[in-house]
Amino acid sequence: MIAPGSTIGILGGGQLGRMLILAGRALGYRFHVFEPKGPCAAGMVADREVNADYDDEAALRGFAEAVDVITLEFENIPAEVIETLSAIKPVLPGKQALHICQHRQREKDFLKASGLPCVPFEYAESPTSLKNAVHAIGFPCVIKTAAFGYDGKGQIKLNAPHEAEDCDYLWEFLGEPPRVVVEKWIHHVGEFSVICARKADGSKVTLPMAENIHVDHILHASIVPARVTDSTRAAGEALARQIADRLEVVGLIAVELFLAESGDLIINEMAPRPHNSGHYSIEGCFTSQFEQHIRAVTDLPFGSVALHRPTVMINLLGDLWEQGTPDWAALLADPQCKLHLYDKGAARPGRKMGHFTVMGDDIESTLERANQHFELLQS
Ligand SMILES: Nc1ncnc2c1ncn2[C@@H]1O[C@H](COP(=O)(O)OP(=O)(O)OP(=O)(O)O)[C@@H](O)[C@H]1O
Ligand SMILES: [Mg+2]
């Protein structure tokens, strides 16, 4: 066990790291953050922020030597960095989970090989093979760069064959990546996610499934409890637990799911870290995703994930700042609402600047209140 009072190193300095630290501080842990460019949202609440490039070996070594365990809030960490660090201190969730989840092709191959339900896909490594892949999958489909995608970045949806005529242009538009995945576009009836926390001894807890609303490929809202049947809920939780075990995760794994018209769940992707769709758990659950992550990597027992009340989380993207800082008055005046701001500085469109959480007696009225608050912020 890594006892309270010890120091946890976090790779990545965004809002996920910030909320991990805020949760871990309550348990008495100290935090160092490694982020190439500062000042960062997590560094502001950490004991120490290291700003150095991932190829700065001396900085990486110094970082590892000063902490007791290392974890991450961002999975796109180069494999060499993990090698360097893990020779000095344990890096969790572990090499296998990271290696697979940071690359869409490996992720899909893993799901297929494990017999888990995933979206039909093809790969491509050039404009010519892209054309073949797109026509093999059919329309609509979506092209995604195999590595470094987040918040819908590095994605192009194609609705009809004429949009795939100029694959040279599409390839250029995607930044000439080494590899892309072409996925069938799923006409789903809803999107959901389950976050499973797992410890080295294999013990696990799954947070209540969230129902997620995306706008322009970016998460807009999470609704908990998800409005699904008990069997869908159980199936989603079972998938997340299975994946956590197969990847031998120590920490969190978030599994994003589509619910097909047939009633089957299809896995969209996985993230081996806290997830935006789990932010509701800060107020919604007795133990949040962030605290469970800290408990998993320090080998403390898990807390209860019981949901207190119906909860809705809504993201605050930089677009809302277009005419200056939004007026928070109504949100702050609602006694059943909590505002979270990440102190990230410049509010660019699409940038995650904060979120708010609304709680209520039943999910429909809670969702209505959350939507009203969001509309007010936009006006
Ligand atoms: N094959 C698909 N069928 C239907 N919708 C899709 C498909 N792929 C992506 N989407 C939509 O785009 C969203 C973002 O896609 P995806 O999860 O692959 O992106 P990402 O860039 O990894 O985003 P994030 O890191 O925010 O999860 C999905 O949640 C979904 O709404
Ligand atoms: Mg996603």
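Values as computed for the structure displayed
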{"item": "Charge sum, other residues only, whose C-beta stays under 10 Å from Pro177's C-beta, Lys/Arg counted +1 and Asp/Glu -1", "result": "0"}
{"item": "In segment 246-298, the GluC sites (Glu not before Pro) that fall in loop regions by DSSP, at most 15 other Cβ within 10 Å", "result": "Glu248, Glu261"}
{"item": "Candidate aspartates and glutamates for bridging to Lys131, where Cα separation is under 19 Å - those fewer than 8 sequence places away on the same chain excluded", "result": "Glu122, Glu163, Glu165, Asp166, Asp168, Glu172, Glu176, Glu183"}
{"item": "Computed log₁₀ I(q)/I(0) - Debye formula, equal Cα scatterers, no solvent, segment 198-309, q 0.19, 0.20, 0.22 Å⁻¹", "result": "-1.02, -1.13, -1.35"}
{"item": "Segment 155-237: GluC sites (Glu not before Pro) falling in loop per DSSP and having at most 11 other Cβ within 10 Å", "result": "Glu165"}
{"item": "Length added when fully stretched, Ala87-Asp264, from 0.36 nm per residue minus Cα-Cα", "result": "59.5 nm"}
{"item": "Solution diffusion estimate, µm²/s, Stokes-Einstein, the chain, Kirkwood Rh from C-alpha pairs, 4 °C, viscosity 1.567 mPa s", "result": "60"}
{"item": "Whole-number D in µm²/s for segment 265-360 (Stokes-Einstein; Kirkwood sum over Cα pairs; 20 °C, 1.002 mPa s)", "result": "142"}
{"item": "Percentage relative contact order, segment 121-207, counting C-alpha pairs under 8 Å, at least six apart", "result": "35"}
{"item": "Low-density loop positions, chymotrypsin sites (Phe, Trp or Tyr not before Pro), segment 214-323 - DSSP coil, at most 16 other Cβ in 10 Å", "result": "Phe286, Phe302"}
{"item": "The chain: relative contact order in percent, alpha carbon pairs under 8 Å with at least 6 residues between", "result": "14"}
{"item": "Extension reserve of the Phe173-Tyr54 stretch, reckoned as 0.36 nm per residue once the Cα distance is removed", "result": "40.2 nm"}
{"item": "Chain lengthening between Trp321 and Ile156 when straightened (0.36 nm per residue, less Cα-Cα)", "result": "56.8 nm"}
{"item": "Mean separation of Cα contacts under 8 Å (6+ apart) over length of segment 1-84, as relative contact order %", "result": "36"}
{"item": "The chain: DSSP helices with Cα axial extent of at least 20 Å and average Kyte-Doolittle hydropathy no lower than -1.0", "result": "230-246, 363-378"}
{"item": "Modelled FRET efficiency - R0 22 Å, Met44 with Leu377, Cβ distances, 0.05 increments", "result": "0.40"}
{"item": "Listed pairs Lys108/Lys184; Lys37/Lys199; Lys204/Lys338; Lys108/Lys153; Lys37/Lys144; Lys112/Lys144 exceeding 20 Å between Cα atoms", "result": "Lys37/Lys199; Lys204/Lys338; Lys37/Lys144"}
{"item": "Cα Rg over Rh - segment 120-184, Kirkwood", "result": "0.91"}
{"item": "Net charge of Cβ neighbours under 12 Å - reference Leu320; Lys, Arg +1; Asp, Glu -1", "result": "-1"}
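Values in this text are rule-based calculations from the coordinates and carry no lab data. All values reported here derive from a predicted model rather than from experimental measurement. Quick reminder, even Gly has a Cβ in these numbers, built from the backbone with ideal geometry, and neighbours come from all protein chains shown.
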